[in-house]
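A.B. asks: Quick one: structure below, then a few questions.
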Amino acid sequence: MYFYQPSQGHGLPHDPLNAIIGPRPVGWIASCDTEGRPNLAPYSFFNCFNYHPPIIGFASTGWKDSVRNIVETGEFVWNLTTRELACAMNETSASLPHGEDEFIRAGLNKAESRVVKVPRVAESPVNFECRLSQCIQLTAASGTPIDTWLVLGEVVGIHIDESLLQDGVYQTAKAQPVLRAGGPTAYFTVSEDQRFDLVRPDVRQ
């Protein structure tokens, strides 16, 4: 077994942590500043954390525009990144000056949201409108604050392209979601031929 202590370095060509915890959904986060100027950025540390109410979250290394906008306005939108939208998503990862519009840079259209004021990515087949529930600065085990911020939002509106619903069941593979993997460039998607099903054991029997 290869062993290392993260505080002392991993000794490998690339940190394996985010390759092991992966692939991960892309947190493609739209927000607006207090002047209504939109921002769109992808975050690789993203997931869903609660059913009722539905809560999703992403972590930002550094107090970036997305975090500031969300804390100041209390709103954001998550947009599903599909294989077709992967290059556009990557374009929105560029570090633009504050106030510049990543939607325009990536050639994306804005769609009006129903509940929040933040626009959705019109080309994305799934969007979650969210209200901020918590913004938490992470700490090390020692209690030392880290310059990383966990943003959690309650999903208050969901848009789903009806072509992704079959008999009312959402078809994950059909959407071809893009998932972040390890290394500086690796991404994956999923396909139906990789699917397998398991039934949760019922110990009450």
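A.B. asks: Answer yes or no: is there a residue in segment 158-166 that is open to solvent by less than 40 Å² (accessible area, probe 1.4 Å), of a type outside the set (Val, Ile, Thr) and either closer than 20 Å to Ser44 by Cα or at pLDDT 95 or above (or both). Working first, answer last.
C.D. replies: Start the filter on segment 158-166 by keeping residues that are open to solvent by less than 40 Å² (accessible area, probe 1.4 Å), which leaves 159, 164.
From what is left, the residues that are of a type outside the set (Val, Ile, Thr) are 159, 164.
Now narrow it down to the ones that are either closer than 20 Å to Ser44 by Cα or at pLDDT 95 or above (or both): 159, 164.
Checked segment 158-166: at least one residue is open to solvent by less than 40 Å² (accessible area, probe 1.4 Å), of a type outside the set (Val, Ile, Thr) and either closer than 20 Å to Ser44 by Cα or at pLDDT 95 or above (or both).
A.B. asks: Considering only segment 28-60, state which residues are under 12 Å from the mean Cα position of the chain (by Cα) and of a type in the set (S, T, N, Q).
C.D. replies: Ser44, Asn47, Ser60
A.B. asks: Moving to a separate point now. Being buried (at least 16 other Cβ atoms within 10 Å of the Cβ) and of a type outside the set (S, T, N, Q) is the requirement here; does Pro38 meet it? Before you say what the answer is, go through the steps one by one.
C.D. replies: Working: buried (at least 16 other Cβ atoms within 10 Å of the Cβ): yes; of a type outside the set (S, T, N, Q): yes.
For Pro38, the condition - buried (at least 16 other Cβ atoms within 10 Å of the Cβ) and of a type outside the set (S, T, N, Q) - is met.
A.B. asks: Check Ala181, Ala140 and return the single one that is of a type in the set (Gly, Ala, Ser) and at pLDDT 95 or above.
C.D. replies: On the way: Ala181 fails: at pLDDT 95 or above.
Of the residues listed, the single one that is of a type in the set (Gly, Ala, Ser) and at pLDDT 95 or above is Ala140.
A.B. asks: Something else now. Kindly establish whether Phe45 is within 23 Å of Ser142 (Cα to Cα), surrounded by 10 or more Cβ atoms within 10 Å (Cβ to Cβ) and aromatic (Phe, Trp, Tyr).
C.D. replies: Details: within 23 Å of Ser142 (Cα to Cα): yes; surrounded by 10 or more Cβ atoms within 10 Å (Cβ to Cβ): yes; aromatic (Phe, Trp, Tyr): yes.
Yes: the conditions hold for Phe45.
For every residue, the table says whether it meets (1) open to solvent by less than 20 Å² (accessible area, probe 1.4 Å); (2) under 27 Å from Leu164 (Cβ atoms).
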residue: Ser31; (1), (2): yes, yes
residue: Thr61; (1), (2): no, no
residue: Asn69; (1), (2): yes, no
residue: Glu84; (1), (2): no, yes
residue: His98; (1), (2): no, no
residue: Phe103; (1), (2): yes, yes
residue: Arg114; (1), (2): no, yes
residue: Glu123; (1), (2): no, yes
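The values are calculated or read from the model by the stated rules, or taken from the named source; none is laboratory data. The structure displayed is predicted, hence computed values, not measured ones. Glycine gets a Cβ as well: all are built from the backbone with ideal geometry, and neighbour counts include every protein chain shown. Protein only, heavy atoms only, side chains kept; ligands, DNA and RNA dropped before computing areas. Shrake-Rupley method; radii C 1.70, N 1.55, O 1.52, S 1.80 Å.
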